[in-house]
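Single-structure report; data block below.
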Amino acid sequence: MSRTKIVAGNWKLNGNKALVSAFNNAFTVAKLDNVSVMIFPPALYVNEFDCEQLIIGVQNVSEQQSGAFTGELSTLMLNDIDISHTLIGHSERRDLYHENNDIIAAKVVTALAANITPILCIGESLDIRTAGKVNEFIQAQLDSVIDAVGMTGLSKCILAYEPIWAIGTGVTATPAQAQEVHAFIRDYLGSIDASVAQSLSILYGGSVNAKTAPDLFAQPDIDGGLVGGASLKEEEFLTICQAANQRG
Ligand code: PEP
């Protein structure tokens with residue numbers, strides 16, 4: 001079945017107005033009919049983009065609606081300025097800001113209630129991989145969200161499989177390694193609801209670059225990428241988007 005191809009750039013705590021401008025210019029003239037391109041800049045910059053081909057989202061959202069939560073962004077605010085997508089559960093949020101599976105699930109509930117599409121990030125550490133526990137770890141991450149929103153809720157998300165050992169390290173999972181986990185995810189979800197499993201876009205993330213993208217995107221269960229470092233260079237990011245576009 002053909003699923004929506006997506007390439008999403010996560011700028012993390014990087015970027016400035018000049019970079020936004022470079023992306024506006026590069027993507028206004030790019031022809032990318034078969035891929036959805038998303039950028040997740042620092043929230044201050046979301047309204048600086050003016051390129052229709054780019055879907056702009058935020059890197060994090062609160063599970064709270066409003067109140068005394070210094071530094072947070074709410075879904076009410078995202079709705080207010082027409083932001084339709086958010087990352088949820090990035091490994092840096094899980095590790096550095098102690099967001100556990102319960103908090104991630106609560107964020108997904110809040111986002112879906114506001115018609116915001118989450119890119120739900122999951123993925124194992126090197127220790128989990130070395131211990132041979134990848135599948136059960138990923139399954140637990142998925143189960144906590146499925147328990148909260150059901151398969152109907154999950155069907156409104158985009159998944160991103162991001163092995164932590166490959167994020168920002170320059171070590172990309174091989175296409176075979178990535179495909180193996182993507183296939184596991186799809187099989188596991190298929191054991192609960194085959195049609196949701198078949199239609200869900202599952203992105204790969206972890207040191208994707210212009211060289212590795214074509215082989216990764218050629219895998220049957222990889223529907224695009226979530227890109228960190230290489231999303232800070234407009235030409236390279238465009239090349240990655242073109243690789244996904246060819247598969248769309
Ligand atoms: C990410 O931050 O989601 C990511 C995949 O980063 P990088 O591409 O730099 O590994």
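The values are calculated or read from the model by the stated rules, or taken from the named source; none is laboratory data. Owing to the predicted nature of the structure, the values given are computational and were not obtained by experimental measurement. Cβ coordinates were reconstructed from backbone atoms using ideal geometry, including for glycine residues, and neighbour counts include every protein chain displayed. Calculation scope for accessible area: heavy atoms of the full protein, side chains included, ligands and nucleic acids excluded. Shrake-Rupley method; radii C 1.70, N 1.55, O 1.52, S 1.80 Å.
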Quiz prompt | Reciprocal of mean inverse Cα separation for region 6-246 (Kirkwood radius, Å) | solution = 17.9 Å
Quiz item: Roughly how much of Leu73 is accessible, in Å² to the nearest 10, using a 1.4 Å probe?
Solution: 60 Å²
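Of the accessible area of the chain, with the probe set at 1.4 angstrom, what percent is carbon plus sulfur?
On the way: 5480 of 11070 Å².
On the chain, the fraction of accessible area on carbon and sulfur atoms equals 49 percent.
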Quiz prompt | Gaussian network model of the chain, Cα within-10 Å springs - most flexible of Thr172, Thr130, Thr152 | solution = Thr130
Quiz prompt | Partners for Lys17 among aspartates and glutamates (Cα-Cα distance below 18 Å; same-chain residues under 8 apart left out) | solution = Glu48, Asp50, Glu52, Glu234, Glu235
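How about region 1-97: which GluC sites (Glu not before Pro) there lie in a loop by DSSP and see at most 13 other Cβ atoms within 10 Å?
Details: sites: Glu48, Glu52, Glu63, Glu72, Glu92; in loops: Glu52, Glu63, Glu72.
Loop-located and lightly packed - Glu52.
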Quiz item: What is the set of long-range amide H partners of Gly9 at a cut-off below 5 Å, with H atoms built 1.01 Å from backbone N?
Solution: Met38, Ile39, Phe40, Val227
Quiz prompt | For the chain, accessible area per residue (1.4 Å probe, heavy atoms of protein chains only), Å² | solution = 45 Å²
Practice problem: Compare Gln219, Gln141, Gln177 in a GNM of the chain, Cα atoms joined below 10 Å, and give the one with the largest fluctuation. | Solution: Gln177
Quiz item: Can you tell which of Ala131, Ala218, Ala43 shows the greatest fluctuation in a Gaussian network model of the chain with Cα springs below 10 Å?
Solution: Ala131
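What ranking of Leu44, Leu126 comes out by heavy-atom accessible area, probe 1.4 Å, highest first? Spell out each step's value before the answer.
On the way: Leu44 155, Leu126 100 Å².
From most accessible down to least: Leu44, Leu126.
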Quiz item: So how exposed is Ser155, as accessible area in Å² (1.4 Å probe, rounded to 10)?
Solution: 50 Å²
Exercise. May I ask you to compute the full-extension gain from Arg3 to Ala176, defined as 0.36 nm times their residue separation minus their alpha-carbon distance, rounded to one decimal in nm?
Key: 60.3 nm
Practice problem: Enumerate the amide H contacts of Glu124 below 5 Å, restricted to partners 5 or more residues apart or on another chain; note that Pro and chain-start residues carry no placed amide H. | Solution: Ile164
Practice problem: Taking H placed 1.01 Å from N in the peptide plane, check which residues at least 5 places from Thr86 or on another chain put their amide H under 5 Å from its amide H. | Solution: Val58, Thr117, Ile119
Quiz item: When the chain is fully extended, how far beyond the present Cα-Cα distance does Val109 get from Ser195, taking 0.36 nm per residue of separation?
Solution: 28.8 nm
